[in-house]
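Here the structure comes first, spelled out in structure tokens, and everything after it is commentary.
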Amino acid sequence: MSCETLSDKLTGYLDRELDERAAGEVEAHLRQCVSCSARLEGERRLRAAVQAHLPPLRAPDRLRSSVRTLLRAQVRRAQRRQTWLPTWAATAAALVLGLAGGWQLATWRVSRGDRSDVVAEVVAGHVRSLQGTHLTDVASSEHHTVKPWFAGKLDFSPPVPDFTTEGFPLIGGRLDYLGERQVAALVYGRRQHVINLFVWPSRDSKALPAAASRRGYHVVHGAAGGMTYWAISDLNETELSQFAQLVAADLGHGTAQP
Amino acid sequence: MDPSALARFEETVLPHLDAAYTLARYLLRNDHDAEDVVQDAYLRAVRHFGGHRGGNTRAWLLTIVRHTCYSWLRRHKADARAIEFDETLHSEIQVGDDPEAEMVRGALGEALNQAIDGLPVEFREVVILRDVQGLSYAEIAEVVGIPVGTVMSRLSRARQRLQRALPVEDYRRN
């Protein structure tokens, strides 16, 4: 084998990318060729220098979060397409039939669609938090630690109630996205179950807890103290409702204070 | 994309964000451009995720990142010379403006960075994929869309150029 034909193979040999036969040929040549041996050594040093001086980089945190935001926006868009379809169909049907109740039917579909949209997002948010490695941004059972963590990250200050004595210990909190807005996600535990409590400001001062089930998850939502909350878990409905009542009581209590 | 597909995407594709950023940053040589391109690449990845059936997810994502980088370079024309790349034409090295000054400064890392930046993007990418990101030749072949033999010869040439572009004294001492 000549030095000429060896040229590229030297690189493959150095990187252990040659099969046994080709590697054997290179070794045989190296034993009798000083200049190729020197070239191999030079390339080995260069490779070591590149590995030492050009490190793999870490993506900046703001890129990480903007990619997450972007992914969630994709899901929202897809879900909106799905829920709009029957709405438009209903509107079209109402127009064609010209029934007096047509408009009501259509608007009813719209509001119902909107609400189930939120339920779907709540479920998606819950599933996401459990499947990835992103259950919490701040992991702490201390609400004095979790509450200040949200400061400056949201345009509101979420309540972080402590239900440890009631048997719902705090696990932590994270930022999440539901609908068009950034929300506080508080994570509580009940035995082996995880409860996600999504909270954001709302103009509804008071709404009774309403429950729904979707894909094996129980969802309870309501509003109190200027906040809307959604609690979701695979916990049984009774205990989740109990949890929601604690939340409602705590939020209502919060606004009563000066 | 439904929530379960998103969960799968977040589990399998999101962990390669650092790899995506590393490739884009070294190809574009600018933090902000790299961030923009990686975001764009992830959008494309989401749209094509349905067509990705298992396999090597990192190589799959890097293929998209590389494509997105090339589109960006083509749009911005900054590396126009690299687009009309010719294996034989581009065989001469571009030595730094003042190799002696570089030697005096003596920072091998800095010299290496400059030498890497001076490589045409086709040479640069194989060095980054191999020596910085640790991909196998087969994976690089997949990402770049060239035969394994070409990966080897490009890498060989790229390393030769780098050796010649570095201040020799400094480099030998290392």
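Tell me, what is the FRET efficiency for residue B:29 and residue B:146 to the nearest 0.05, using R0 = 22 angstrom and their Cβ-Cβ distance as r? Could the numbers behind the result be given before it?
On the way: r = 22 Å, r/R0 = 1.02.
That gives a FRET efficiency of 0.50.
Net charge within 9 Å of residue A:193 by Cβ-Cβ distance, Lys/Arg positive one each and Asp/Glu negative one each, not counting residue A:193 itself? All intermediate terms of the calculation are to be shown ahead of the outcome.
Details: positive: A:190, A:191; negative: A:234, A:239.
Its environment carries a net charge of 0.
What size of dipole, in debye to the nearest 20, comes out for region A:138-256 about its Cα centre when the only charges are +1 on Lys and Arg C-beta atoms and -1 on Asp and Glu C-beta atoms? Can you show the working numbers first?
Working: 10 positive and 11 negative charges, 41 e Å.
My answer is approximately 200 debye.
Projected onto the charge dipole of region B:1-78 (+1 at Lys/Arg Cβ, -1 at Asp/Glu Cβ, origin at the Cα centre), which of B:65, B:76, B:30 gives the Cα projection farthest towards the positive end?
Farthest towards the positive pole: B:76.
By per-residue mean of other Cβ atoms within 10 Å, what is the highest-first order of B:8-20, B:33-45? Write down the numbers at each step before the final one.
Values: B:8-20: 18.7, B:33-45: 21.9.
Answer by packing, highest mean first, reads B:33-45, B:8-20.
As a footprinting exposure proxy, order A:163, A:168 by other Cβ within 10 Å, with the fewest listed first. Each step should come with its number before you reach the end.
Working: A:163 19, A:168 23.
With the fewest neighbours first, A:163, A:168 line up as A:163, A:168.
None of the figures in this text is laboratory data; all of them are computed from the coordinates on show. Remember, it's a predicted structure, so these values are computed and weren't measured experimentally. For neighbour counting, all protein chains shown are included, and Cβ atoms are generated from backbone atoms with ideal geometry for every residue, glycine included.
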